[in-house]
Amino acid sequence: MTSRTHDLVAFGSLLTVAAFYPPDSLSISTVFACLIGNIIGSLAPDMDQAANTLWDLLPAGNSMGKIFRKLLLSHRTFSHSLLGIFIMYNILLFLIPKILNSSYINTTFVIISFMIGFISHIAADSLTKEGIPLFFPFIFKIGIPPIQILRIKTGKFMEKYVVFPAVVIYIIWLVAVKKGVFLLLVKLIKN
């Protein structure tokens with residue numbers, strides 16, 4: 001999947017979780033941090049590519065990307081697995097409370113938002129022809145559906161004109177159906 005599709009799928013996933021498990025309290029700073037965390041999470045599994053969008057945001061990012069690419073083996077290995085999810089979650093548990101001020105931002109929500117983006121990325125990549133090595137270090141790849149010929153080719157017709165519009169329609173439908181929940185969340189933010 002392209003980064004644009006990953007961002008949209010991650011945002012739709014975040015809205016889904018918020019609609020079905022709304023928080024009791026929410027600040028505007030937490031909302032912004034969660035949105036940023038969700039976007040970064042949706043791109044993070046592809047940090048094993050030197051050309052990842054995240055590397056462009058950092059000083060000397062291209063050089064760092066080349067180093068990380070070697071550490072992470074190759075594209076869609078460690079970072080697209082259950083092991084990668086486990087390690088990323090533990091890194092966030094350690095790092096986020098040290099980076100963000102918990103007096104203003106709910107760090108638990110930020111970690112959850114990041115992980116929703118991260119996991120949605122991996123789930124979306126399971127729909128592609130290449131599949132994902134969910135049980136890395138075992139080399140076999142899993143894809144949905146199991147028959148490879150039925151899966152999506154990244155950046156091609158099915159992704160651009162079926163998957164992307166379907167996710168947009170889903171988000172619109174979700175907001176319409178769960179409008180009351182989202183209005184309550186807006187009220188929480190204002191208070």
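The values are calculated or read from the model by the stated rules, or taken from the named source; none is laboratory data. Bear in mind the structure is a predicted one, so any value in this text is a computation, not a measurement. With ideal geometry, Cβ positions are generated from the backbone for all residues, glycine too; neighbour counts draw on all protein chains shown.
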So which residues in the stretch 72-113 are more than 16 Å from Ile39 (Cα to Cα), under 17 Å from the mean Cα position of the chain (by Cα), buried (at least 19 other Cβ atoms within 10 Å of the Cβ) and not hydroxyl-bearing (Ser, Thr, Tyr), if there are any at all? Arg76, His80, Gly84
Of all residues making up the stretch 10-32, the number that are more than 17 Å from Met88 (Cβ to Cβ) and in a helix (DSSP H, G or I): 13
Positions within the stretch 69-97 being of a type in the set (S, T, N, Q), modelled with pLDDT of 90 or more and part of a helix (DSSP H, G or I), in sequence order: Asn90
How about the stretch 138-190: which of its residues are touching a residue at least 24 places away in the same chain (Cβ under 8 Å), part of a helix (DSSP H, G or I) and either closer than 25 Å to Ser79 by Cβ or among the basic types (Lys, Arg) (or both)? Glu159, Val163, Phe164, Val167
The listed residue being under 15 Å from the mean Cα position of the chain (by Cα), among the β-branched types (Val, Ile, Thr) and at negative phi, out of Ile116, Ile139: Ile116
One residue is enough: does the stretch 173-188 have a residue meeting the conditions touching a Lys or Arg at 6+ places or on another chain (Cβ under 7 Å), under 29 Å from Gly84 (Cβ atoms) and among the hydrophobic types (A, V, I, L, M, F, W, C)? no
Looking at (1) surrounded by fewer than 19 Cβ atoms within 10 Å (Cβ to Cβ); (2) touching a Ser or Thr at 6+ places or on another chain (Cβ under 9 Å); (3) modelled with pLDDT of 95 or more, find the lone condition where Pro23 falls short. (3)
Exactly one of Val175, Val163, Val168 is crowded, with 16+ Cβ neighbours inside 10 Å, under 30 Å from Val31 (Cβ atoms) and touching a Leu at 6+ places or on another chain (Cβ under 8 Å), and that one is Val163
